[in-house]
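**Student:** What follows is a structure written as structure tokens; I'll ask about it next.
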Amino acid sequence: MSDRLLGALTRRRASLLLLAVVLCLPPFYLDAFWLRIGLFSLAAAIGATGLALLSGTAGQLSLGHAFFLAVGAYGYTWLAGEPGPGLPPALAALLAVLLAGAAGGLFSPVAARVKGIYLGIATLALVFLGHHVLLTADSVTGGFNGRSVPPLTLGGFTFAESDPELTVLGVPFGAEERLWFLGLALFAFTWFTARGLLRSRPGRALAALRDSETAAAVMGVDVARHRSAAFVVSSMYAGLAGVLLALAFRRVVPDYFSLALSVDYLAMIVIGGLGSVAGATAGAVFVTALPLLMTRYADQLPLVTAPGSTEGAVGPTEAARYLYGAAIVLVLLYAPDGLHGLARRVQGRVRRHRSRTPAPETVVPSPPQPAARPKEHTP
């Protein structure tokens with residue numbers, strides 16, 4: 001291994017370690033509002049990563065991501081709650097993720113045979129079907145009013161407000177502080193598994209499917225099997241995001257898991273960059289945090305009214321949708337590969353500029369020359 005490669009790996013590990021330390025600091029300095037935004041962004045990043053694998057890498061359009069989020073959220077709530085089996089919360093969370101994967105597996109035969117806009121329309125039916133089930137299955141979902149979410153417990157530690165109170169370095173750790181570290185752990189798991197999948201042989205096969213199905217089939221890729229597998233994996237990531245969302249909200253209601261949520265997730269991966277885990281994360285933070293911030297500071301923004309106001313102006317949620325709709329248009333026009341591609345191009349230009357900048361020359365002083373003696377005449 002060359003010294004340059006070893007140095008690059010060392011810098012990368014140091015950067016990851018520094019990032020991990022920085023991400024562990026917010027519970028000690030930020031209040032519950034900012035931690036809530038971070039939790040919702042982490043959950044959205046997990047779900048957007050799964051959709052990026054499906055739509056960005058495998059090239060399959062899906063408008064039914066909200067359905068699998070609902071399966072994960074309501075699956076955990078019912079499995080761990082009453083009425084319900086009352087399973088241990090950790091086991092219920094795991095089974096909820098597997099349940100979302102099973103739902104994706106049941107739909108995977110359709111995903112294996114249909115593609116493009118036709119698959120998008122087919123997955124759109126899942127959202128309306130799921131919303132109808134959530135409203136009518138009162139014994140499981142609680143109907144229109146939803147259900148309270150049981151707190152997650154691991155080894156006697158509860159990720160919620162509980163007695164006795166937990167204090168770390170003089171900072172009281174409530175539900176948001178405890179869930180923050182759970183969200184970080186789940187997001188780290190999603191990040192490394194998704195990047196490992198993209199760099200593996202199945203990930204390269206999915207990329208080949210996106211570019212050309214005919215060429216992928218000629219190279220020996222089982223098109224139907226890989227399409228089905230991508231849909232199942234994406235559904236499991238969505239189920240995991242649904243579990244974290246349910247824990248962060250503490251109550252799940254059917255109206256949250258609507259078509260608008262699926263459109264939001266499509267906006268996340270388009271703004272961030274299709275097929276990129278880092279891009280999906282950036283897009284998820286942007287789309288999730290923007291309406292919450294605009295709601296918080298609505299009274300200080302022009303043309304935006306506070307929620308519940310009777311004035312004929314734009315609400316913070318609608319204004320946020322207008323803004324990231326404009327962001328989608330700008331990305332499609334000037335940066336088709338999203339924020340991740342834009343960041344890589346800027347980084348590449350900076351590196352090329354550094355390599356072209358000549359190093360300052362060091363002037364070495366010449367040794368002193370002996371004084372010239374006058375020429376002697378020969379007699």
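**Student:** Going highest first, how would you order 268-276, 221-229 by mean Cβ packing within 10 Å?
**Tutor:** Working: 268-276: 25.6, 221-229: 17.7.
Result, highest mean Cβ count within 10 Å first: 268-276, 221-229.
**Student:** If you don't mind, there's one more thing I want to ask. For the stretch 48-123, what does the accessible surface come to per residue with a 1.4 Å probe? Please give it in Å². Please report the intermediate quantities before stating the final value.
**Tutor:** Numbers: 2650 Å² over 76 residues.
Per residue, the stretch 48-123 has an accessible area of 35 Å².
**Student:** Here is a further query. So what does Ser355 come to for accessible area, using a 1.4 Å probe and Å² rounded to 10?
**Tutor:** 90
**Student:** Expressed as a whole percentage, what fraction of the accessible surface of the stretch 66-119 belongs to carbon and sulfur atoms when a 1.4 Å probe is rolled over the protein heavy atoms?
**Tutor:** Details: 1770 of 2320 Å².
It is 76 percent, rounded to a whole number.
**Student:** Scan around Arg147 for amide H atoms under 5 Å from its own, H built in the peptide plane at 1.01 Å from N, and keep only partners 5 or more places away or cross-chain.
**Tutor:** Distant-sequence amide H within range of Arg147: Val252.
**Student:** Okay, moving on. Where does each of Tyr237, Tyr118, Tyr265, Tyr256 land when they are ordered by accessible area, with a 1.4 Å probe and the largest first?
**Tutor:** Values: Tyr237 25, Tyr118 160, Tyr265 5, Tyr256 80 Å².
Descending order: Tyr118, Tyr256, Tyr237, Tyr265.
**Student:** Ordering Phe192, Phe68 by how much accessible area each has at a 1.4 Å probe, largest first, what is the list? Don't skip to the answer; put the middle values down first.
**Tutor:** On the way: Phe192 130, Phe68 5 Å².
Final ranking, largest accessible area leading: Phe192, Phe68.
**Student:** In addition: Out of (1) 45.5, 197; (2) 27.0, 130; (3) 20.2, 65, which label holds the value of Rg and Dmax of the Cα atoms in Å that was computed here?
**Tutor:** (2)
**Student:** Further question on the same structure: Which whole-number percentage describes the relative contact order of the stretch 126-202, with Cα contacts under 8 Å and a sequence gap of 6 or more? Display every interim value, and only then the final one.
**Tutor:** Numbers: 36 pairs, mean separation 10.0, N = 77.
Taking the mean separation of contacting Cα pairs over the length of the stretch 126-202, I get 13 percent.
**Student:** Leaving ligands and nucleic acids out of the surface, order Glu318, Glu177, Glu165 by accessible area at 1.4 Å, largest first.
**Tutor:** Working: Glu318 90, Glu177 25, Glu165 145 Å².
Descending accessible area places them as Glu165, Glu318, Glu177.
**Student:** Pairs of Cα atoms under 8 Å, at least six residues apart: use those to get the relative contact order of the chain, whole percent.
**Tutor:** Values: 548 pairs, mean separation 99.1, N = 379.
Value for the chain: 26 percent.
**Student:** Looking at the chain, what % of its DSSP beta bridges pair antiparallel, to the nearest 5?
**Tutor:** Values: 7 of 8 bridges.
Of the beta bridges lying entirely in the chain, close to 90 percent run antiparallel.
**Student:** Highest mean first, how do 91-99, 70-78, 147-155, 55-63 rank when packing is the count of other Cβ atoms within 10 Å averaged over residues? Working shown, then result.
**Tutor:** On the way: 91-99: 20.2, 70-78: 28.6, 147-155: 17.1, 55-63: 24.3.
Descending mean neighbour count gives 70-78, 55-63, 91-99, 147-155.
**Student:** For the stretch 166-258, what % of the accessible area comes from carbon and sulfur atoms, probe 1.4 Å?
**Tutor:** On the way: 2770 of 4260 Å².
So the carbon and sulfur contribution to the accessible surface is 65 percent.
**Student:** Going by average Cβ density within 10 Å per residue, which order do the peptides 123-132, 16-25 take, highest to lowest?
**Tutor:** The most tightly packed comes first, giving 123-132, 16-25.
**Student:** Per residue, what accessible area does the stretch 134-263 have, given a 1.4 Å probe and all protein chains present, in Å²? Before the final figure, lay out the partial values.
**Tutor:** Working: 6410 Å² over 130 residues.
That works out to 49 Å² per residue.
The values are calculated or read from the model by the stated rules, or taken from the named source; none is laboratory data. Predicted model only: the values in this text are computed from it and were never measured. Cβ sites come from the backbone with ideal geometry, for glycine too, and all protein chains shown count toward neighbours. Keep in mind that these areas ignore ligands, DNA and RNA; they rest on the heavy atoms of the full protein, side chains included. Shrake-Rupley method; radii C 1.70, N 1.55, O 1.52, S 1.80 Å.
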